[in-house]
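We did not get these values from a lab; they are worked out from the coordinates using the rules stated. These numbers were taken from a predicted model, which means no experiment stands behind them. Cβ placement follows ideal geometry from the backbone for every residue including glycine, while neighbour counts extend to all protein chains displayed.
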Protein chains: 2
Amino acid sequence: TLVTVSLSSFASEPIQPIERPADIDQSKAALGMKLFFDPRLSKSGFLSCNSCHNLSMGGSDNLKTSIGHNWQQGPINSPTVLNAGLSLAQFWDGRAATLKEQAGGPIANPVEMASSHKLVADVLKTIPQYRAEFQQVFGSPGIDIDRITDAIAEFEKTLVTPNSRFDRWLLGDTKAITARELAGYELFKSSGCTACHSGPAVGANSYHKLGLVRPYKTENAARGRIAVTGNKADEFVFKVPTLRNIELTYPYFHDGEVATLREAVALMGQLQLGRDFTADEVDKITAFLKTLTGDQPTFPLPLLPPSTEQTPQPEPFG
Amino acid sequence: TLVTVSLSSFASEPIQPIERPADIDQSKAALGMKLFFDPRLSKSGFLSCNSCHNLSMGGSDNLKTSIGHNWQQGPINSPTVLNAGLSLAQFWDGRAATLKEQAGGPIANPVEMASSHKLVADVLKTIPQYRAEFQQVFGSPGIDIDRITDAIAEFEKTLVTPNSRFDRWLLGDTKAITARELAGYELFKSSGCTACHSGPAVGANSYHKLGLVRPYKTENAARGRIAVTGNKADEFVFKVPTLRNIELTYPYFHDGEVATLREAVALMGQLQLGRDFTADEVDKITAFLKTLTGDQPTFPLPLLPPSTEQTPQPEPFG
Ligand code: HEC
Ligand code: HEC
Ligand code: HEC
Ligand code: HEC
Ligand SMILES: [Ca+2]
Ligand SMILES: [Ca+2]
Ligand SMILES: [Ca+2]
Ligand SMILES: [Mg+2]
């Protein structure tokens, strides 16, 4: 049957379709969505996870480096939270093993949300609707950073983007991509991009050196996985980013210094493969990469429960 | 019939139920919603209308004064955009006649979004989906500040909050509010609050002096309508704020210095009516005011079209 043919066809491809996660705790994810949008997770009362991972815009902020508390300039480009659950680890250098472990970071990071795990729990505890919702979700009263990050991570697991045109092609719909896009995919495979960008996330399943063949010049201070392992060999080794929704997550590279997708493709050819693509080759690969934009998560804008007289007040200034 | 009774009963009340606006251009409002959520309306690419009028949180930012471009401290408390279409004019001093006129202000205000009317139009023009949507909505190609603010205003007109418990009571559902809340309403009327807070918005239909009986002490520099009229008599005269959704729009007063609703009620008694309410009276009125929280606008989080290689880049720093 057609289904068998198409399944066997994508089984032999280095990229697999995105699937919706099966095991979501819906009420926990609904709580996590509220928390993801709640600026009271920051000291200022102004910044939420969604400020820097804007789900209206592909799950990142489209800035070179982020704006944090007090308009501090962040050290590195904000990666998308879309499909982050498919990553082998979190952050550019993979220093957090899980989404749950990751979520505690920005809350307490002084250049991001600048709050503390205790303060955030104290804030949420003063809000009756949150108290009730945590109790309902976790089966007993109590709000702490463990439960907060657990719920946020459950929400993030839902942020997958299935049904891209490329996935429909993988699944057997031969008209889902154009001949030129297909040619771009063939070139992507034949030139070796899939050595690093493969699997359902088209990346995010290995660490590799940026500048394998020719060095990448940047003023950015990040040095990659050496910060985690201490191994000199891990200097400039980064988690290979997902290329899912890459059309939406400009600017590119960990320093955000690469403005356009065509530039990123041309640079990858040079830096990682020692290959100078022609303009037409770059265009073809870029056209293919744009077929990786999937269905964006859609849901009603969450409504957040109001603070009370007991809620510690935000401190936006000073 | 019951309907006749209930209609005649609210006809004699100083407050009327909120009605949904009848004449919305849905496709224009849908475009306006995107613009309301689009941080590319700001120089930094980081601040949208929704940053300071967060529709997850009652349409304001719940800060004393706002955070604008470069984390500049704004001069005044951010009023809610909910039901703003019912106001006799926009801003605390009423200096903009319409929502459309208002919307041009923050875009170009250096302490808010810090962009310019030309730059924002230039940004949107480089985005094919926006070009197509403006053409479809306005019937001819072209994007300029007039169309941008027209669409935003159309979206804002939809941001009404009908069906509050108090409105259900007004419409004849005698169980929609408690006896204590009703007592609070009776006290609100009998003490004279409705002289200023009346109509469907429970305010927003007149200008009045803050500190009519006793002066209000504030370090805030705003002097109210004198800035518009130049009349000395208009010093400390402000647009009477709507009390719809007042539970959600803390902190209170134009300087945001009043943290709790109970405090705001007690102060209003003293400053405007020369009356010192007992704690129980304050509580009752506060309980009534909380029945004015209506159905919040709910809609799917808008998805924004991506920038292109031609889009002027955001300038978050410097
Ligand atoms: C001020 C901006 C900012 C805020 C606020 C913020 N993040 Fe991030 N986020 C970043 C940046 C920058 C990185 C990359 C940091 C790094 O790799 O060293 C990141 C990394 C991540 C990652 C890892 C993605 C990957 O592929 O490695 C996840 C997941 C994430 N953030 C989720 C969250 C959650 C959940 C919140 C709220 C609790 C949050 N972020 C708040 C800027 C922000
Ligand atoms: C040897 C591994 C490797 C190969 C081969 C490789 N990449 Fe990459 N790719 C990476 C790494 C690592 C990064 C992250 C670079 C950084 O730190 O900014 C990256 C980043 C990218 C980005 C930017 C992603 C983002 O979100 O910023 C694009 C686009 C990209 N690669 C496309 C390609 C294409 C197209 C090819 C083939 C021409 C290719 N890559 C080959 C490892 C590789
Ligand atoms: C940086 C914060 C900030 C941003 C961004 C912002 N506003 Fe405001 N908004 C305010 C403040 C503060 C006021 C009150 C100013 C005054 O009265 O002088 C206000 C007033 C208003 C009012 C008048 C409400 C009333 O009852 O008087 C409306 C309507 C409004 N804004 C809509 C918008 C729209 C639409 C945008 C985006 C185009 C926007 N705002 C962007 C902070 C902001
Ligand atoms: C003479 C006119 C007048 C009367 C009478 C009056 N108010 Fe007000 N009220 C105002 C004005 C003007 C403001 C705006 C004050 C400012 O500039 O911050 C206001 C503000 C408020 C606020 C804060 C709104 C916000 O969003 O910050 C509340 C709550 C309130 N009034 C409740 C009451 C109650 C309860 C009474 C009766 C006890 C009352 N008012 C009587 C004119 C009046
Ligand atoms: Ca646990
Ligand atoms: Ca990026
Ligand atoms: Ca307020
Ligand atoms: Mg809403």
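Any idea what angle helix A:179-190 forms with the longest principal axis of chain A, computed on alpha-carbon atoms, 0 to 90 degrees, nearest 10? Here the helix axis deviates by roughly 90 degrees. Here the spin labels are modelled as points 7 Å beyond Cα on the Cα-Cβ line, and at B:THR229 and B:ASP23 they lie 2.9 nm apart.
Using the count of nearby Cβ atoms within 10 Å as a rough guide to exposure, how do B:ASP144, B:ASP276 rank from fewest to most?
On the way: B:ASP144 16, B:ASP276 10.
So the ranking, lowest neighbour count to highest, is B:ASP276, B:ASP144.
A straight Cα-to-Cα reach below 22 Å connects B:LYS118 with the lysines B:LYS28, B:LYS34, B:LYS43, B:LYS100, residues fewer than 8 places away in its own chain not being considered. Scanning chain A for the beta carbon that comes closest to the axis linking it by rotation to B yields A:TRP71, 2, distance in whole angstrom. Between region B:172-201 and region B:107-171, how many Å separate their Cα centres? What the calculation gives is 34 Å, centre to centre.
I'd like the FRET efficiency for B:ALA259 and A:GLN73, computed as 1/(1 + (r/R0)^6) with the beta carbon distance as r and R0 of 25 Å, rounded to 0.05. Can you show the working numbers first?
Details: r = 32 Å, r/R0 = 1.28.
Step by step, r from the Cβ atoms, then E = 0.20.
Convex hull volume of the C-alpha atoms in region A:26-157, normalised per residue: 99 Å³.
Partner chain Cβ atoms within 10 Å, averaged over the residues of B:297-307 - can you pull that number for me?
Details: counts 3, 4, 2, 5, 13, 5, 9, 8, 2, 11, 7.
Mean shielding count: 6.
Relative contact order for region B:165-292: what is it in percent, counting Cα pairs under 8 Å that are at least 6 residues apart?
33
Once the Cβ-Cβ distance of A:SER190 and B:GLU309 is raised to the sixth power relative to R0 = 25 Å, the FRET efficiency obtained is 0.45. Against the main long axis of the alpha-carbon atoms of chain B, helix B:2-11 sits at an angle near 90°.
By the count of neighbouring beta-carbon atoms within 10 Å, fewest first, B:ARG20, A:ARG165, A:ARG225, B:ARG40 end up ordered B:ARG20, A:ARG165, A:ARG225, B:ARG40.
Along its principal axes, region B:130-255 has C-alpha extents of 56, 46, 22 angstrom, given from the largest down. Here B:GLN16 yields copy-to-copy label distances, from shortest upward, of 6.2 nm, the label point defined as 7 Å from Cα along Cα to C-beta.
Couplings 3J(HN,Hα) of region B:78-91, computed from phi: 6, x, 6, 7, 5, 6, 4, x, 8, 6, 5, 6, 9, 6 Hz, in residue order, whole Hz [Karplus 6.51 cos²θ - 1.76 cosθ + 1.60, θ = phi - 60°; x for Gly and Pro]. Its DSSP H runs of at least 4 residues, each contributing -39,500 (n - 2.57), put the calculated 222 nm mean residue ellipticity of chain A at -10500 deg cm²/dmol, to the nearest 500. Near the amide H of B:GLY142, within less than 5 Å, lie the amide hydrogens of B:GLN135, all on another chain or at least 5 residues away, with H placed in the peptide plane.
Taking K and R as +1 and D and E as -1, what net charge do the other residues with C-beta under 12 Å from the C-beta of B:ALA121 add up to?
On the way: positive: B:ARG40, B:LYS118, B:LYS125, B:ARG131, B:ARG147; negative: B:ASP122, B:ASP144, B:ASP146.
Taking every other residue near B:ALA121 into account, the sum is +2.
Which residue fluctuates most in the GNM of chain A (Cα springs below 10 Å): A:ALA108, A:ALA132, A:ALA84? Answer for the Gaussian network model of chain A: A:ALA132. What is the local net charge at A:GLY45, summed over the other residues whose Cβ is closer than 12 Å to its Cβ (Lys, Arg +1; Asp, Glu -1)? Here the count lands on 0.
What's the tally of Lys pairs in region B:174-308 whose alpha-carbon atoms lie under 15 angstrom apart, where the two lysines are 8 or more places apart or on different chains? Intermediate results must be reported in sequence, preceding the final value.
On the way: B:LYS189/B:LYS284; B:LYS209/B:LYS217; B:LYS209/B:LYS232; B:LYS209/B:LYS239.
Close lysine pairs found across region B:174-308: 4.
If you look at the Cα atoms of chain A, you get an Rg and a Dmax of 20.8, 66 Å. Look at the alpha carbon pairs under 8 Å that are at least 6 residues apart: their mean separation over the length of chain B gives a relative contact order of 26 percent. Using a 7 Å projection from Cα along Cα-to-Cβ, the label point at A:GLN270 is separated from the same position in the remaining copies by 6.9 nm, smallest value first.
Treat the count of other C-beta atoms within 10 Å as a stand-in for reagent exposure and order A:LEU271, A:LEU35, A:LEU301 from fewest to most. Intermediate results must be reported in sequence, preceding the final value.
On the way: A:LEU271 18, A:LEU35 25, A:LEU301 22.
If I rank by nearby Cβ atoms, fewest first, I get A:LEU271, A:LEU301, A:LEU35.
Counting, for every residue in B:46-59, the Cβ atoms of other protein chains within 10 Å of its Cβ and taking the mean gives 4.
What number comes out for the charge environment of B:ILE226, summing +1 per Lys or Arg and -1 per Asp or Glu over other residues with Cβ under 10 Å away? Write out the running numbers ahead of the final one.
Working: positive: B:ARG223, B:ARG225, B:LYS232; negative: B:ASP93, B:ASP234, B:GLU235.
Net local charge, B:ILE226 excluded: 0.
Here A:VAL213 and B:THR298 are evaluated by their C-beta separation; at R0 = 51 Å the FRET efficiency comes out at 0.50.
What percent does the relative contact order of region B:26-157 come to when contacts are Cα pairs within less than 8 Å and at least six residues apart?
30
The C-alpha atoms of chain A define a longest principal axis, and helix A:279-289 lies at about 50 degrees to it. Shown here is the pair-distance distribution of the protein assembly as shown: with all Cα-Cα distances grouped in 20 Å bins from zero up to the longest one, the shares run 18, 48, 27, 7, 0 percent.
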